[in-house]
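All remarks here apply to the structure that follows.
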Amino acid sequence: MSNFKIYSTGIVAIALSLATGCTPTTPHDDNISEAPPAQSVQTTESPSPTASPTTPGQNSLSYSDRQFINEAAQGGLAEVQLGQLASQRGASNAVKQYGQRMVQDHTLVNNQLKQLATQKGVTLPTRLDRKNKQIQQSLSKLSGAKFDRQYLNHMLQDHEKDVSAFQTEAEQGQDPEVKAFAAQSLPILQEHLQQVRSLVNSGSSTSTSTPTSTSTPTSTSTPTSTP
């Protein structure tokens, strides 16, 4: 019986040792639990590419197209404000009417340009630049025939530049919508240029002084008739 107890206790000891030998499997679970942090680091890197697609629409325009939009907006502001000044301070009715047309036509063109600039992500100027501000201030100090002459001369030079710029953009612009805007606005600017040329050539800026010159020949003709 004693030998049987010894054998039984030995079997129990072997069973216990085998049971305890299974416990080293637990460290493998620790190694598995350490793997997920590596995946969380990868997820933090994924948001960075999503931030870049927010700006490509604003950078789609070329430098020349963007410059054209800004210059057209600045010129449109000047045409409206100087047209308002001409409708108030113009001496001849022709100059006043021309100034009123500048206000009406360029206001419509400016509104169309604002919509286009919003679509393209371009911020337009809202104030006159230094050059146009100086022109406005110098014209505001004039009156009568001097104002008409200076205003029409400036409109002539300005619209010659505008027609050239809009024609170049309509033919050589890269963005199709900007090209379409230039081509659509070009006929209006060409009409403005033709009208101001006719006003300058007809001498409407000096129309207020012409009646004085016509009265002098009549006075000289009267003495000749007396003999």
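Could you grab me the full set of residues in the range 171-184 that are of a type outside the set (Lys, Arg) and either surrounded by fewer than 18 Cβ atoms within 10 Å (Cβ to Cβ) or touching a Phe, Trp or Tyr at 6+ places or on another chain (Cβ under 6 Å) (or both)?
Going through the range 171-184, the residues of a type outside the set (Lys, Arg) turn out to be 171-178, 180-184.
Those that are of a type outside the set (Lys, Arg) and either surrounded by fewer than 18 Cβ atoms within 10 Å (Cβ to Cβ) or touching a Phe, Trp or Tyr at 6+ places or on another chain (Cβ under 6 Å) (or both): Glu171, Gln172, Gln174, Pro176, Glu177, Ala180, Ala182, Ala183, Gln184.
Which pairs turn up if I take residues in the range 94-107 that are touching a residue at least 40 places away in the same chain (Cβ under 8 Å) and look for partners that are open to solvent by less than 50 Å² (accessible area, probe 1.4 Å) and among the β-branched types (Val, Ile, Thr) with beta carbon separation below 9 Å, at least 6 apart in sequence or on another chain?
What qualifies is Tyr98/Val196; Met102/Val80.
So that you can scan it fast, the table gives a plain yes or no per residue for (1) in contact with a strand residue (DSSP E or B) (Cβ under 7 Å, 6 or more places away or on another chain); (2) farther than 25 Å from Glu191 by Cα; (3) open to solvent by 30 Å² or more (accessible area, probe 1.4 Å); (4) among the charged types (D, E, K, R):
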site	(1), (2), (3), (4)
Met102	no, no, no, no
Thr107	no, no, yes, no
Asn110	no, no, no, no
Leu116	no, no, no, no
Gly121	no, yes, yes, no
Ser143	no, yes, yes, no
Leu152	no, no, no, no
Met155	no, no, no, no
Glu160	no, no, yes, yes
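State which residue pairs qualify: first residue over 13 Å from Leu61 (Cβ atoms) and at pLDDT below 95 and inside the range 161-186, second residue among the acidic types (Asp, Glu) and in a helix (DSSP H, G or I) in any location, beta carbons under 6 Å apart, and separation of 6 or more residues or different chains.
Every condition considered, no pair remains.
Each row is one residue, and each column tells you yes or no for (1) in a helix (DSSP H, G or I); (2) over 26 Å from Asn201 (Cβ atoms).
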{"site": "Phe147", "(1), (2)": "yes, no"}
{"site": "Asn153", "(1), (2)": "yes, no"}
{"site": "Gln157", "(1), (2)": "yes, no"}
{"site": "Asp162", "(1), (2)": "yes, no"}
{"site": "Phe166", "(1), (2)": "yes, no"}
{"site": "Ala170", "(1), (2)": "yes, yes"}
{"site": "Gln174", "(1), (2)": "no, yes"}
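The values are calculated or read from the model by the stated rules, or taken from the named source; none is laboratory data. Since the model is a prediction, treat every value here as computed from it, not as a measurement. Positions of Cβ are generated from backbone atoms using ideal geometry, with glycine treated the same way; all protein chains shown enter the neighbour counts. For accessibility, only protein heavy atoms count, side chains too; no ligands or nucleic acids. Shrake-Rupley method; radii C 1.70, N 1.55, O 1.52, S 1.80 Å.
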